[in-house]
Structures are given as C-alpha cells and as structure tokens.
1. Tell me yes or no: at least one residue of segment 361-372 is part of a helix (DSSP H, G or I) and without any contact (Cβ under 8 Å) to a residue 60 or more places away in the chain.
2. Among the residues of segment 55-68, write down those that are surrounded by 20 or more Cβ atoms within 10 Å (Cβ to Cβ) and either of a type in the set (A, V, I, L, M, F, W, C) or closer than 17 Å to Ile358 by Cα (or both).
3. Can you tell me which residue is surrounded by the fewest Cβ atoms within 10 Å (Cβ to Cβ) among those in segment 358-392 that are in contact with a helix residue (DSSP H, G or I) (Cβ under 7 Å, 6 or more places away or on another chain), modelled with pLDDT of 90 or more and more than 23 Å from Gln113 (Cα to Cα)?
4. Taking Asn66, is it free of Cβ contacts under 8 Å to residues at least 60 places away in the same chain and at positive phi?
5. Could you check Lys210 against (1) of a type in the set (Lys, Arg); (2) in contact with a Ser or Thr (Cβ under 9 Å, 6 or more places away or on another chain); (3) farther than 28 Å from Thr128 by Cα and say which number it fails?
6. Considering (1) surrounded by 21 or more Cβ atoms within 10 Å (Cβ to Cβ); (2) at pLDDT 95 or above, say which one Arg49 fails and leave the rest.
7. In the set Asp37, Asp59, which member is in contact (Cβ under 8 Å) with a residue 60 or more places away in the chain, assigned to a loop (DSSP other than H, G, I, E, B) and over 20 Å from Asn285 (Cα atoms)?
8. Could you give every pair whose Cβ atoms fall below 6 Å, whose first residue belongs to segment 108-126 and is assigned by TED's automatic domain parsing to the domain that holds Lys143 and over 30 Å from Lys210 (Cα atoms), and whose second residue is assigned to a strand (DSSP E or B) and of a type in the set (A, V, I, L, M, F, W, C), counting only separations of at least 6 or pairs across chains?
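The values are calculated or read from the model by the stated rules, or taken from the named source; none is laboratory data. Note that this is a predicted model, so its numbers are computed, not measured. Glycine also receives a Cβ, built like all others from the backbone with ideal geometry; neighbour counts cover every protein chain displayed.
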Amino acid sequence: MLKEPRTSRKTKVAILSVTLAQGGAERFASTLLQNIDLSLIKPTLVLFRKIIDYPLPTDIPVILLNKTNKWKTYSAARRLAKWIDQEKPDIILCNIVSTGLFMGIVRLFSNHQPNKWIVRVGSPPEYTDRFLIWILHRLFLQKVDLFIANSNALALNFIKIYPFAKGRVSVIENAICIETQASETNACNAQLPDQTIPVVLFVGRLNSVKCPDVFIAAFEILLQQTDAQLWICGAGPLRSKMETQIRNLGIQNRVHFLGFRNDVHQIMKIAKALVLTSKLEGANNAIIEAQSLGLPVVSTNCPVGPAEIIDNEKSGFLVEIGATRQIAEALHILITDTSLRKKYSEYALKNAHRKYSITPIMAKWHSLLTSPQRTQVTGHPETENSFSKKLS
C-alpha cells in the first residue's frame with residue numbers, strides 16, 4: 001500500500017516504540033508503517049532498542065535511542081530531544097502509554113513542540129497503573145493532544161482513571177491487512193509438528209498477564225476427553241515455569257513451544273481453536289487476526305477488550321477468568337463439533353472483516369496524521385452513540 005511520493009509537503013510523523021517485536025503495540029506500529037501513505041506522510045520510527053521482528057519497509061528511517069535500561073532514560077531523552085529540535089516533526093505518535101510517558105520527559109528538554117502529540121492506549125489503566133505510575137502519568141501526560149484507544153471499553157476505562165483526558169480520547173480499532181495475511185498463509189517458514197492431531201493454539205507473550213498456567217491446566221482436562229495438541233507461539237519470562245507445569249502434568253508429548261513466529265497466520269489456518277486466558281487485555285491482536293481468518297476463539301471475558309471482538313456463542317466463547325473446566329469444555333466443542341465450528345468460523349470471518357479491515361481504519365489514521373489540528377475520530381457506527389453518551 002506504499003505509494004509514490006508527491007511534490008507537496010508531507011506531514012513529518014515520528015512514531016515512538018520500545019522495539020518492533022512481540023507485543024500488540026509493536027504489531028500496531030508495524031502494520032501502520034506497512035500501510036502508511038508515503039505521498040502524504042513522511043514517517044520515522046524511533047526505537048528504544050534495535051529489536052525488529054515484525055515487518056518494516058526498508059525505506060522507513062529508524063532512529064535508535066539505545067535506552068536499554070531505566071538508568072539510560074536521561075541520555076535517551078536528551079538524544080531524542082536533540083533529534084526533534086533538528087528534524088522538527090509535525091506529529092509525535094507514541095504507540096503505547098509507556099512511550100508517551102517517556103515523551104513527556106523528552107518535552108522538558110526539547111525546544112520544538114510538535115503540532116500534535118498523540119498517545120495510543122493499549123491496556124486498561126485501572127488494572128495496570130500502580131500508584132507511582134498513576135502519579136507520573138498525571139504529571140507528564142497532561143499536554144497530550146489526543147489519546148487513541150483500540151476499543152470503546154478501553155477508552156472509557158482510561159477516562160475513568162485519568163479524567164483530565166476527557167474530550168481528548170478517540171477510538172481507532174486495530175487493523176487487519178487481508179492481503180498480508182493471504183501472503184503469509186501461503187508459506188510457512190519453518191517445519192511444524194504433526195498436523196494430523198487437532199491443534200489448539202496460543203499466541204502471545206508468556207507472562208503473568210496471559211495466565212499460561214490456566215490454559216495449560218485447561219488443556220490437560222481437554223486431553224481427558226479427546227486427543228489434541230497445544231501449540232504455543234510466543235516468548236517470555238514464564239516459559240521455564242510452563243515447561244515444569246507441563247512435565248508435572250505428563251503432557252509434554254502434546255505441547256509444542258514454537259517461539260516467536262512471523263508466519264502465525266499460516267499456523268492459525270491449521271488450528272481448530274485459539275485460546276486466550278488473560279486476566280486483562282486491550283483489543284488483542286491475536287483474537288482479531290484469528291477471527292479474520294475464520295478461527296474460533298475461546299477467551300476469558302476479561303477487562304476490557306475480548307467482549308468487543310468475540311460474539312459469545314457466535315464466533316467463539318467467552319468464559320470466566322481462571323475457569324479451566326469451562327475453557328476445556330469450549331475447546332472440546334470446537335474440536336469435535338465440525339458443523340458448529342464451521343458456523344462459528346463463517347460468522348467470525350464476516351464480522352472481523354467488517355470491523356477491522358485495513359482500508360477504513362487506515363483512512364482514520366491518515367486523517368489524523370495529516371491534519372494540523374486535534375482531530376476526533378470515532379468507533380464503529382453501532383457503538384458510536386452509546387460511547388458518546390457515556391463520555392458526556
């Protein structure tokens with residue numbers, strides 16, 4: 001979708017991210033940069049650390065801040081402030097609130113102030129922002145021009161915790177690029193385990209928020225009812241603990257760690273169901289991408305995102321947090337009931353493409369990133385009215 005540049009002046013946009021690997025905020029930055037209109041916008045990617053696993057067009061310049069730990073925050077902030085004063089970007093887009101906080105520090109050292117400072121919100125602060133972080137956000141985010149949440153519930157939660165943001169929060173959903181998915185599903189970049197046994201798939205970071213012990217315990221219950229295998233795509237600090245749990249349950253022959261994958265759409269086409277057992281989420285990319293490929297999802301109905309993506313008992317199942325037997329029962333249904341799975345798959349495919357297709361969502365971003373003024377954007381037509389009423 002990259003277009004040939006025109007002669008008129010383009011909007012200079014700096015996109016700030018910790019890395020370009022693994023997380024949903026990083027996936028967002030990658031998708032945005034792959035589909036941005038270069039005839040209108042001149043983007044620069046600014047990274048704390050040079051870790052790039054997600055796709056990045058070769059003609060997008062990258063600035064490295066070498067912020068490898070908290071002790072290097074000052075030097076990295078001064079480095080970015082110097083770059084901002086030299087390049088004078090029109091817009092600063094922070095892909096998550098933590099990079100927004102860093103940008104708030106950078107502004108203390110920078111003479112040039114961009115026309116628009118945008119911070120994208122990816123997780124519910126009511127459940128993630130402890131007291132010190134809450135104080136820092138209140139101090140350093142007051143001058144943000146616009147906050148972008150990826151779901152209506154997330155927008156409401158952010159305003160609840162940070163009332164100063166009221167009137168400056170809009171919703172732009174995470175996007176799926178059907179063309180990119182189609183190319184990825186045609187070629188798998190590494191050998192996969194035996195595909196004759198039904199596959200339950202997990203995609204995400206292996207951390208405490210995702211509660212991997214829950215989906216492992218649920219999978220062990222599932223194996224008591226039917227044969228299956230669990231493929232785990234992702235990396236994180238809990239892998240060793242997960243491997244111990246799997247050995248203790250005696251199910252190591254049916255669980256495969258595939259690591260971080262850039263061919264996850266191919267794997268989703270193989271799986272029978274995606275499982276997510278998080279205790280909190282924003283608008284989870286893995287759920288959106290699975291649904292857009294017709295893969296039913298079993299997810300905890302955690303705050304705040306899954307319920308806006310999954311239609312319960314239409315495109316998948318929403319279950320209680322920590323309910324291992326409920327999760328196992330839902331997975332059993334999807335694996336063994338072919339006709340129901342097909343019905344859910346068709347509904348998921350149609351609904352996800354209606355809500356999350358790249359073209360209308362990128363139109364919102366282009367409008368936002370080419371306008372010199374603060375711009376309000378809205379969510380889906382079916383939720384705009386209720387969202388506006390809640391904010392009033």
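1. Looking through segment 361-372, at least one residue is part of a helix (DSSP H, G or I) and without any contact (Cβ under 8 Å) to a residue 60 or more places away in the chain.
2. First pass over segment 55-68, keeping only residues surrounded by 20 or more Cβ atoms within 10 Å (Cβ to Cβ): 65, 67.
Of everything in segment 55-68, just one residue is surrounded by 20 or more Cβ atoms within 10 Å (Cβ to Cβ) and either of a type in the set (A, V, I, L, M, F, W, C) or closer than 17 Å to Ile358 by Cα (or both), namely Leu65.
3. Ile358
4. yes
5. Only one criterion in (1) of a type in the set (Lys, Arg); (2) in contact with a Ser or Thr (Cβ under 9 Å, 6 or more places away or on another chain); (3) farther than 28 Å from Thr128 by Cα is unmet by Lys210, namely (3).
6. Just one mismatch for Arg49, condition (1).
7. After ruling out the rest, the residue left standing is Asp37.
8. Every condition considered, the pairs that remain are Pro114/Ile91; Pro114/Ile92; Lys116/Ile91; Trp117/Ile92.
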